[in-house]
Amino acid sequence: MGKQENEERVILICPGKGKKTASTSGSDPRKVHGPQSELRRRETAESEQENTEDREQVSFKKPKIHREQRRSEKRTITKGQEEPKKPKIAPIFLKDKEKWTKVSQKMSQAKITTTKCKLVNAGIQIDPAAEKDYRKLVHLLEKEGYQFFTYQLSSERKLKVVLRGITQEITEKEITEDLQSKGYPADKVTRMNGKNGRPAPLVLVELSKEYKSIYELRQVCGLATQVEPLKTKTGVI
């Protein structure tokens, strides 16, 4: 009886499950004791650990996906904003340094724009802003009779190729006509000489740079032909 007085048994019913568990008086009734309660605590702890790992994985992957999307968008924008390279404009060198003031005034009157003008050993270097400014300035200097020199515009430079395998008996006119019929209007066709000074089975052809497909040509005047770029001691022209 003394033991029964000191230790009072309390019957608890878990809501929704209908399972009875026992607890001693003086202890927290919310705490469940026994083998089943220990198993339930383990299952709860494992479930909480799995949920924590899932949250960590989700929080780790989200920034990675976001970064990849931003990189893809950045590449797309950068690719779309790429601008074609502008052709380089050849500089013009005015030899008459003492006449620069007059030339500068005439350039302003003709609305010729430049990116830079500076003094160099060769004279006054004038850098036109565009091809139209280059042509206008060359025309102005020639018209006024000023001494100057410049270089050919890259857009005006010709494509120079060598045709190998063209016998000496075929004339330059016949080669020109054959190239024309194949869609390659040559500006100039020249028979090349060998080291002994005699005509060689080589023909130099000059034409516009837009006809670079001439390198794919395999036959000229009915003869098997090899097309090569013109080479000099300093490299390919």
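Couple of notes before you dig in:
- Hey, V189 among the aliphatic types (A, V, I, L, M) and touching a Phe, Trp or Tyr at 6+ places or on another chain (Cβ under 9 Å) or not: no
- Filter result for G194 (open to solvent by 40 Å² or more (accessible area, probe 1.4 Å), over 28 Å from Q152 (Cβ atoms), free of Cβ contacts under 8 Å to residues at least 24 places away in the same chain and of a type outside the set (S, T, Y)): no
- Of residues in segment 101-125 being among the basic types (K, R) and surrounded by fewer than 10 Cβ atoms within 10 Å (Cβ to Cβ), the one nearest to E144 (Cα to Cα): K111
- Counted residues, segment 93-140 - those being hydroxyl-bearing (S, T, Y) and under 18 Å from Q152 (Cβ atoms): 1
- Only a single item in (1) modelled with pLDDT of 90 or more; (2) open to solvent by less than 30 Å² (accessible area, probe 1.4 Å) is not met by E174, and it is number (2).
- Selection within segment 134-156: residues that are over 24 Å from L207 (Cβ atoms) and of a type in the set (A, V, I, L, M, F, W, C). The member of this set that is most open to solvent (accessible area, probe 1.4 Å) is F149.
- Search result, residues across segment 186-219 that are in a loop (DSSP other than H, G, I, E, B) and over 18 Å from L230 (Cβ atoms): N196, G197, R198, R218
- E131 falls short on exactly one of the conditions (1) at pLDDT 90 or above; (2) surrounded by 16 or more Cβ atoms within 10 Å (Cβ to Cβ); (3) touching a Pro at 6+ places or on another chain (Cβ under 8 Å), and that condition is (1).
- Subset of segment 207-237 that is among the acidic types (D, E) and modelled with pLDDT of 90 or more - its residue that is most open to solvent (accessible area, probe 1.4 Å): E216
The values are calculated or read from the model by the stated rules, or taken from the named source; none is laboratory data. The shown structure was predicted, so the numbers you read here are calculated from the model rather than taken from an experiment. Quick reminder, even Gly has a Cβ in these numbers, built from the backbone with ideal geometry, and neighbours come from all protein chains shown. The area values use the complete protein model at the heavy-atom level, side chains included, leaving out ligands, DNA and RNA. Shrake-Rupley method; radii C 1.70, N 1.55, O 1.52, S 1.80 Å.
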